[in-house]
Amino acid sequence: MSTDGNKKQFWKRNTAKVPGSLIKAGNKPQTTPGGKPKKATTFQEFESITSDAWDVGDDDDELLAMAAQNLNIEVVMETANKVIENHSKQQEKQRQDDAGASELEEREEEDANEEEVEEEEEEESTPEVSFASEPSPLSDGRLVKSLSEAPIGSPKDAAGERASLHRQQSLPHRPTIPMVARIADQNTSGTPAMTEREASRLDKFRQVLAGPNTDLEELRKLSWSGIPRQVRPITWKLLSGYLPANTERRESTLQRKRQEYFGFIEQYYDSRNDEHHQDTYRQIHIDIPRTNPLIPLFQQASVQEIFERILFIWAIRHPASGYVQGINDLVTPFFVVYVFEYIKEEVENFDVSSLQEETLRNIEADSFWCMSKLLDGIQDNYTFAQPGIQRKVKALEELVSRIDEMVHVHMQQYEVEYLQFAFRWMNNLLMRELPLRCTIRLWDTYQAEPEGFSHFHLYVCAAFLVRWRKEILDERDFQGLMILLQNLPTMHWGNEEVSVLLAEAYRLKFAFADAPNHYKR
């Protein structure tokens, strides 16, 4: 089939995914009289049809210490390379260990072969299906967010999906990992025994936070390579600008801001059924159940009501943009982190109804204000025609053309436009591409980095794209490339993978951020 034919077939199949249109409430994808998607020629049309398909070692501390300093590029590159080299060594060691384990398993299987024949015959007569570690075949290793996002297509489409699934299954076996955190990710969640290094880092945070006036620059340096769970809530509130550095003013600030938020609730929330707010509220009400549907925490009615209030109040207080699909994702990291402030157990299956009402109100108000602070810096991503996203996608294309021309030319050859996949990366800050545990770790650095959500995110996206260069270059048609780019296999990712991604992004930033000529041919 020709490239044009593949593109038409791909768009026909993927525009059927209702939650896929990351569009402002009330907008609908444009179609031709025949019902087929209209060829995208403008940004708004791209927006409408784009499919909806997150501790390396001591070197990481060196990298974080550099984050807030003006160092020469040679030193920065050397340090980032140390992080990446260390990661490569660990990966090689893991491969050797896996190879040794495989040889041992093969010998054991040969010894027990005769006994297993009888057991296999019994299992064939009474098959048992396990969903513990197998990714859904509908999503190429990325679990489907909702039933309406499941791909719908012809047997040829299914063949493409199976090929993508085969790539995912060919990866080294990893144990089942919780969506919010895996047990080894100390900085994200869980309470295993801390290592000496982790205990030392936690002490450094507590020393900085203990003073009468917190040194925010020092706190940013510490936070760049990850924040321990125990101090993440207070650190995020300080770095986002929600709380003042002065310790004595914090309690009064919290009380005032929380009262202000619930004043908005009393003043505006009843208007959600008014005619001029109905479309906004209806879209929010539809999107909330789709927010992390595989994590039980977010399926609780009380949590969904909290999210509805937060998003509705933000939307009517920001009429220039209003509610745009994708903003609902941005509440979740704040909500999870601020729930951690009040509990010690894992949050994934936690029943929030067991918390006191006042505690839930505090979590809701804090999540609202911190999300608002984040959106204040990237609001042009969500205003009419979303100019912020347009600029960032264009900048990403120009940046990738300079750092990896082969990948850039390959995508041009098969007519893949950056807007078709990177729109979601910018609109949702990579939250649809990474597990929530990785987003929380990523946001530690974004909070610490100057203009982290608006500027540094561009370099993270570039590093993220180039991370998959082998897989991208292996694809030889438009449809295969789009399926890959919308279903990248990151379900097994944790702190280590995010740290390496950030090191690459950091290196790119210092190489290109202050060199505009690098963007020009």
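Is it true that Tyr338 is in contact with a Cys (Cβ under 9 Å, 6 or more places away or on another chain) and either surrounded by fewer than 16 Cβ atoms within 10 Å (Cβ to Cβ) or in a helix (DSSP H, G or I) (or both)?
Numbers: in contact with a Cys (Cβ under 9 Å, 6 or more places away or on another chain): yes; either surrounded by fewer than 16 Cβ atoms within 10 Å (Cβ to Cβ) or in a helix (DSSP H, G or I) (or both): yes.
It is true that Tyr338 is in contact with a Cys (Cβ under 9 Å, 6 or more places away or on another chain) and either surrounded by fewer than 16 Cβ atoms within 10 Å (Cβ to Cβ) or in a helix (DSSP H, G or I) (or both).
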Report task. Return the only residue of Val460, Val466 being assigned to a helix (DSSP H, G or I) and more than 29 Å from Phe205 (Cα to Cα). Result -> Val466
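Among the residues of the stretch 270-279, count how many are open to solvent by 30 Å² or more (accessible area, probe 1.4 Å) and either under 29 Å from the mean Cα position of the chain (by Cα) or of a type in the set (Ser, Thr, Tyr) (or both). Don't jump to the end; show me each part of the working.
Filtering the stretch 270-279 down to residues open to solvent by 30 Å² or more (accessible area, probe 1.4 Å) leaves 270, 272-279.
Imposing the further condition that a residue be either under 29 Å from the mean Cα position of the chain (by Cα) or of a type in the set (Ser, Thr, Tyr) (or both) reduces the set to 279.
The total comes to 1.
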Requested in this report: Could you pull out the residue among Ser401, Ser372 that is over 18 Å from Val460 (Cα atoms) and polar (S, T, N, Q)?
Outcome: Ser372
Requested in this report: With the condition kept exactly as written, say whether any residue in the stretch 407-421 is assigned to a loop (DSSP other than H, G, I, E, B), of a type outside the set (Ser, Thr, Tyr), surrounded by fewer than 18 Cβ atoms within 10 Å (Cβ to Cβ) and in contact with a Lys or Arg (Cβ under 8 Å, 6 or more places away or on another chain).
Outcome: yes
Query raised in the report: Taking Trp314 and the conditions (1) open to solvent by 10 Å² or more (accessible area, probe 1.4 Å); (2) farther than 16 Å from Pro289 by Cα, which numbered condition does it fall short on, given that it satisfies the others?
Result: (1)
Query raised in the report: Of all residues in the stretch 484-496 being open to solvent by 10 Å² or more (accessible area, probe 1.4 Å) and touching a helix residue (DSSP H, G or I) at 6+ places or on another chain (Cβ under 7 Å), which is nearest to Glu449 (Cα to Cα)?
Result: Glu496
Query raised in the report: Could we say that Leu442 is over 16 Å from Val460 (Cβ atoms), surrounded by 20 or more Cβ atoms within 10 Å (Cβ to Cβ) and in contact with a helix residue (DSSP H, G or I) (Cβ under 7 Å, 6 or more places away or on another chain) here?
Result: no
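The values are calculated or read from the model by the stated rules, or taken from the named source; none is laboratory data. The shown structure was predicted, so the numbers you read here are calculated from the model rather than taken from an experiment. Heads up, the Cβs are rebuilt from the backbone with ideal geometry, glycines too, and the neighbour counts pull from every protein chain shown. Quick note on the areas: whole protein, heavy atoms, side chains included, nothing else; ligands and nucleic acids left out. Shrake-Rupley method; radii C 1.70, N 1.55, O 1.52, S 1.80 Å.
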